[in-house]
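Participant: Quick one: the structure is below, questions incoming.
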Amino acid sequence: MPDTPAPSEGRRPARLVVLVSGTGSNLQALLDASADPAYGAVVVAVGADRSGIEGLARAERAGVPTFVHRVKDYADRAEWDAALTASCREHSPDLVVSAGFMKLAGAPFLAEYAGRYVNTHPALLPSFPGMHGAADALAYGVKVTGATLFVVDAGVDTGPIVDQVAVRVEDDDDVVSLHERIKVAERTMLVDNVGRMAREGFTISDRKVRFGDL
Ligand code: GAR
């Protein structure tokens with residue numbers, strides 16, 4: 001993969017569009033972090049694929065504009081993808097962050113945000129990709145799982161890895177307890193890494209994501 005330019009220029013805060021499908025606790029962590037100007041990034045909009053979710057309510061309470069595109073409101077997936085791409089474009093993001101967004105973006109979206117679209121996943125990729133990372137790891141019986149932040153490519157959870165955090169699986173864990181513990185570690189990892197991407201820039205070469213070049 002060729003070197004990818006850094007997401008922000010100079011000293012202005014990087015503009016983040018965050019995509020959510022549910023509770024939005026990772027979004028909240030980004031909103032909280034970006035209240036400090038030293039963080040170097042601001043959430044300029046929140047997008048969702050469904051209405052009435054806590055993630056959107058969190059954005060509204062923070063005074064951040066929102067947009068919603070439900071797949072079922074479009075003739076096909078391509079039209080939905082075009083609408084999602086257009087709404088993101090209106091907010092000129094340096095980085096798009098998928099934080100519990102349970103949809104795969106299509107080729108036009110990926111082309112527009114190539115190297116600038118990151119996703120957080122509740123497992124240590126490449127193990128347990130897909131919709132049920134925490135449940136699949138628990139069912140497999142692993143002793144250590146965690147969360148992965150990666151740059152999205154055309155595959156399912158296959159993109160270059162920005163960072164990972166490990167979480168031990170306890171004997172008495174169920175999916176809820178394990179996923180909640182993963183999310184505590186995941187939020188810190190997400191905030192730390194998105195901040196570094198914004199402040200330091202990053203490059204991607206031969207699947208290796210490295211900070212720095214701003
Ligand atoms: C997070 O654990 C995120 O990794 C996961 O959904 C949760 C959202 O929590 N995403 C996926 O599973 C994507 N495949 P939140 O809504 O509280 O931020």
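Participant: For L56, indicate whether it is within 26 Å of T188 (Cα to Cα), among the hydrophobic types (A, V, I, L, M, F, W, C) and within 15 Å of the ligand (Cβ to nearest atom).
Facilitator: Values: within 26 Å of T188 (Cα to Cα): yes; among the hydrophobic types (A, V, I, L, M, F, W, C): yes; within 15 Å of the ligand (Cβ to nearest atom): yes.
Answer is yes for this residue.
Participant: Exactly one condition in (1) under 26 Å from V68 (Cβ atoms); (2) outside any helix (DSSP H, G or I); (3) open to solvent by 40 Å² or more (accessible area, probe 1.4 Å) is not met by G100; state its number.
Facilitator: (3)
Participant: Turning to a different aspect of this structure: Determine whether segment 155-168 contains at least one residue that is within 11 Å of the ligand (Cβ to nearest atom) and not hydrophobic (A, V, I, L, M, F, W, C).
Facilitator: yes
Participant: Taking R89 as the residue in question, decide whether it is without any contact (Cβ under 8 Å) to a residue 40 or more places away in the chain and either in a loop (DSSP other than H, G, I, E, B) or crowded, with 18+ Cβ neighbours inside 10 Å (or both). Steps first, answer last, please.
Facilitator: Values: without any contact (Cβ under 8 Å) to a residue 40 or more places away in the chain: yes; either in a loop (DSSP other than H, G, I, E, B) or crowded, with 18+ Cβ neighbours inside 10 Å (or both): no.
For R89, the condition - without any contact (Cβ under 8 Å) to a residue 40 or more places away in the chain and either in a loop (DSSP other than H, G, I, E, B) or crowded, with 18+ Cβ neighbours inside 10 Å (or both) - is not met.
The values are calculated or read from the model by the stated rules, or taken from the named source; none is laboratory data. Computed from a predicted structure; not experimentally measured. Using ideal geometry, Cβ is built from the backbone for each residue, glycine included, and neighbour counts are taken over all protein chains shown. Note: areas computed on protein heavy atoms with side chains; ligands, DNA, RNA excluded. Shrake-Rupley method; radii C 1.70, N 1.55, O 1.52, S 1.80 Å.
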